[in-house]
Amino acid sequence: MESVVDSAAASSAPSLAVVVPCYNEEAVIAETTAELLAVLAELESEGRISALSKIYFVDDGSRDATWPMLETLARKNERIVAVALSRNRGHQNALYAGLSQTCEDMVVSIDADLQDGPENIAVMVDAYRTGFEVVYGVREERESDTRFKRMTAEGYYRLMQLLGVDLVFNHADFRLMSRRAVDTLLQYPETNLFLRGMVRELGFRSTSVAYARRPRLAGESKYPLRRMLSLAWKGVTAFSIAPLRAITVLGLVSGGLALGLIAWVLSVKLFSNSVVPGWASIMVPVLFIGSVQLLCLGVIGEYLGKIYEEVKRRPRFHLREVVGAEPVLAADVESRGASIRSLNTQVYDNVSD
Ligand code: UDP
Ligand code: MG
């Protein structure tokens with residue numbers, strides 16, 4: 001008996017889950033699956049990951065053939081789990097949903113278009129095995145991205161640094177996390193997800209792996225400018241109170257200016273004979289202070305909006321179907337992660353095997 005247990009323990013390499021959010025990715029699914037399966041097979045044959053490793057595809061409400069393709073794959077291959085969200089909830093929510101379904105020792109998140117080469121997963125796994133709990137994939141060179149995308153992305157990382165937000169430069173959502181790091185992340189109850197910032201908040205021993213970003217396999221970017229701006233703004237408001245501080249500074253500056261104007265108006269009134277209060281001296285402060293107030297109200301409104309969303313604590317996603325694995329309910333996530341707060345309730349419309 002004892003020897004069986006011993007040999008099982010000795011051969012127990014950590015299991016790996018690869019989470020892939022997919023939105024209208026029918027053009028890349030086949031190739032992505034083949035490439036990821038090959039990576040898993042190689043790692044497993046070398047004894048670096050266990051045979052229980054899996055790929056979790058999350059269909060983020062795609063309108064093309066993504067879901068039927070994923071469903072077929074999951075039914076045919078026991079290594080593949082297909083999860084469908086009830087509608088499109090955006091990359092961050094889809095990724096979060098995928099993470100919540102995993103139970104493996106290590107979890108790698110990767111984009112469906114494989115721009116972040118899956119060959120780096122092996123390096124990440126090795127880093128995990130030497131004791132790192134979070135391994136960040138860092139884009140060292142992004143020639144494959146358009147000039148505009150490169151410049152805006154890098155400018156954004158610099159801005160975030162300036163605002164005091166702790167981000168890994170040029171790291172997006174290609175990373176490996178240990179089971180413990182994932183369970184800890186799942187305890188964060190916020191609705192506005194900016195995962196690359198949240199993972200940084202977790203702490204744990206971390207390192208990074210640099211790689212050159214490849215061009216998209218096929219299809220077009222699912223991150224148009226509008227979505228990029230929305231994610232950027234989410235990052236700023238979720239992790240920085242610098243805009244709120246700026247209101248104070250603006251208030252101080254406009255207060256100083258107003259004081260100067262008041263002193264001038266009073267001196268004209270008291271020491272001048274031709275006391276005709278000027279149109280300009282009324283209009284200038286009125287317009288100036290009015291505009292500053294409006295701007296400030298706008299920024300406060302942004303934060304208020306965020307607080308409102310958080311207070312409502314709406315579920316971040318609803319699963320429609322899970323194929324190839326037991327669905328993980330919010331309650332399970334909690335008991336596993338020893339969560340202090342109650343997580344979102346996930347509603348299953350239709351859960352099949
Ligand atoms: N994605 C998603 N939901 C969305 C938009 C994108 O799940 O609403 C996924 C998409 O399928 C891909 C990943 O997010 O796996 C990154 O998207 P993309 O490669 O288009 O972004 P880019 O590399 O151009 O920034
Ligand atoms: Mg991409």
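Read-outs throughout are calculated quantities, based only on the coordinates presented, and are distinct from any laboratory measurement. Note that this is a predicted model, so its numbers are computed, not measured. Glycine gets a Cβ as well: all are built from the backbone with ideal geometry, and neighbour counts include every protein chain shown.
Quick notes on this structure:
- Of the trypsin sites (Lys or Arg not before Pro) in region 197-258, the ones in a loop by DSSP (not H, G, I, E or B) with at most 16 other beta carbons within 10 Å are Arg205.
- Net lengthening on full extension, Tyr223/Ala41 (0.36 nm per residue, minus Cα-Cα): 62.4 nm
- Candidates per GluC sites (Glu not before Pro) in region 158-240, loop by DSSP, up to 14 other Cβ within 10 Å: Glu190, Glu220
- Principal-axis tilt of helix 66-76 within the chain, Cα atoms, nearest 10 degrees: 30
- Net length gained if the chain between Ala258 and Phe271 were fully extended (0.36 nm per residue, minus Cα distance): 2.7 nm
- Bridgeable lysines around Lys149 (alpha carbons under 30 Å apart, same-chain partners fewer than 8 residues away excluded): Lys222, Lys234, Lys306.
- Per-residue HN-Hα couplings for region 40-46 [Karplus 6.51, -1.76, 1.60; θ = phi - 60°; Hz; x = Gly/Pro]: 4, 4, 5, 4, 5, 5, 8
- Bridging of Lys76 to lysines at a Cα separation below 24 Å is possible for Lys54, once same-chain residues fewer than 8 apart are set aside.
- Nonlocal amide H pairs with Ala210, under 5 Å, H built at 1.01 Å: Val138
- Only the Cβ atoms of Lys and Arg (+1) and of Asp and Glu (-1) were treated as charged; on that basis the dipole of the chain about its Cα centre amounts to roughly 1800 debye.
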